[in-house]
Amino acid sequence: MRILLLGPPGAGKGTQANNLIRDYGLVQLSTGDMLRAAVESGTEIGLKAKAVMDAGVLVSDEIVAGIVRERIQQPDCANGFLLDGFPRTQVQAELLDQMLEELNVSLDRVIEFQVNDEAVVRRLSGRRLHQPSGRTYHVEFNPPKEEGRDNVTGEALIQREDDTADTVRNRLNTYYEQTAPLVSYYTEKGDLVSIDGMQSPEEVYTLLRNALPN
Ligand code: AP5
């Protein structure tokens, strides 16, 4: 299965991606995670991306498309993948179309999570992350068993540097200006299903599963 998750920051894309990986064995292609890994390891791309990400605006289309192009051709993607955070602009969507055509595959479903801005701000201010695995928690809505510790490894959780109030506002503006138009792009192609992301994580997952092809 090849799925694309679309939605504003904090919509629950990463949370639901973890459920899909667990239940469907899909490979997650998260450009946010890939860019954070590049920042962490101090590569040239990481050095360029850090300031841009901290400001809540988008890394260049060439850089992110290059990262995805390289990853999507790996053998483990042959059985299916989950795009999370890519594409984010019209140019990226067109570049993705080219990549899929070259691989002779197509997307089975584009899922749009609908959430309001107030929820986004609450979710991101309380988000905690286990960086090595990408597992995501929330101090109020999805707390770990032990405060500040990952449920599986017991390692410390961190707060993302771009989850500050100012950066979240910029990320939301960036979403509405550059990414939200992709909802029409995929609606016109007939691939898109919108689901209510304001329900509990478990309820959202039920809606998501129901929206997937059989
Ligand atoms: P990225 O890492 O992709 O961030 P994002 O899209 O802003 O998405 P988030 O990861 O913040 O949110 P999410 O939807 O995954 O929510 P989550 O499940 O964690 O991108 C970061 C930056 O990288 C960008 O700003 C940009 O600079 C750059 N970048 C990345 N991709 C790029 C691209 N293609 N082009 C250019 N630049 C790019 O949930 C959030 C919180 O809410 C969690 O705490 C969770 O526990 C909680 N939660 C989840 N679901 C629910 C629920 N149903 N109810 C209550 N709480 C919930």
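The values are calculated or read from the model by the stated rules, or taken from the named source; none is laboratory data. Since this is a predicted model, take the numbers as computed values, not measurements. In this analysis, Cβ positions are derived from the backbone assuming ideal geometry, glycine residues included, and neighbour counts consider all displayed protein chains.
Within segment 33-60, being surrounded by fewer than 12 Cβ atoms within 10 Å (Cβ to Cβ) and either of a type in the set (Gly, Ala, Ser) or more than 19 Å from Pro132 (Cα to Cα) (or both) holds for Ser41, Gly42, Glu44, Leu47, Ala51.
Flag: Val120 matches the condition of being within 10 Å of the ligand (Cβ to nearest atom) and either among the charged types (D, E, K, R) or touching a residue at least 12 places away in the same chain (Cβ under 8 Å) (or both).
Restricting segment 97-130 to residues that are of a type in the set (D, E, K, R) and in contact with a Leu (Cβ under 7 Å, 6 or more places away or on another chain) leaves a set whose member that is surrounded by the fewest Cβ atoms within 10 Å (Cβ to Cβ) is Asp117.
Restricting to segment 53-79, name every residue that is of a type in the set (D, E, K, R) and under 17 Å from the mean Cα position of the chain (by Cα). Don't jump to the end; show me each part of the working.
The initial filter retains those residues of segment 53-79 that are of a type in the set (D, E, K, R), namely 54, 61-62, 69-71, 76.
Asp54, Asp61, Arg69, Arg71, listed by residue number.
Per the listing Arg127, Arg160, the residue uniquely within 12 Å of the ligand (Cβ to nearest atom), closer than 23 Å to Asp61 by Cα and touching a strand residue (DSSP E or B) at 6+ places or on another chain (Cβ under 9 Å) is Arg160. When Leu82 is tested against (1) within 10 Å of the ligand (Cβ to nearest atom); (2) closer than 23 Å to Thr179 by Cβ; (3) under 14 Å from the mean Cα position of the chain (by Cα), only condition (1) is not met.
Going through (1) within 12 Å of the ligand (Cβ to nearest atom); (2) of a type outside the set (D, E, K, R); (3) outside any loop (DSSP other than H, G, I, E, B); (4) at pLDDT 95 or above one by one, Val110 falls short only on (1).
Look at segment 167-192: where a residue is of a type outside the set (A, V, I, L, M) and a partner is within 11 Å of the ligand (Cβ to nearest atom) and in a helix (DSSP H, G or I), sitting 6+ places away or on another chain with Cβ atoms under 6 Å, you get Tyr185/Ala93. Does any residue of segment 61-74 turn out to be closer than 22 Å to Ser125 by Cα, surrounded by 20 or more Cβ atoms within 10 Å (Cβ to Cβ) and touching a helix residue (DSSP H, G or I) at 6+ places or on another chain (Cβ under 8 Å)? So far as segment 61-74 goes, no, none of its residues is closer than 22 Å to Ser125 by Cα, surrounded by 20 or more Cβ atoms within 10 Å (Cβ to Cβ) and touching a helix residue (DSSP H, G or I) at 6+ places or on another chain (Cβ under 8 Å).
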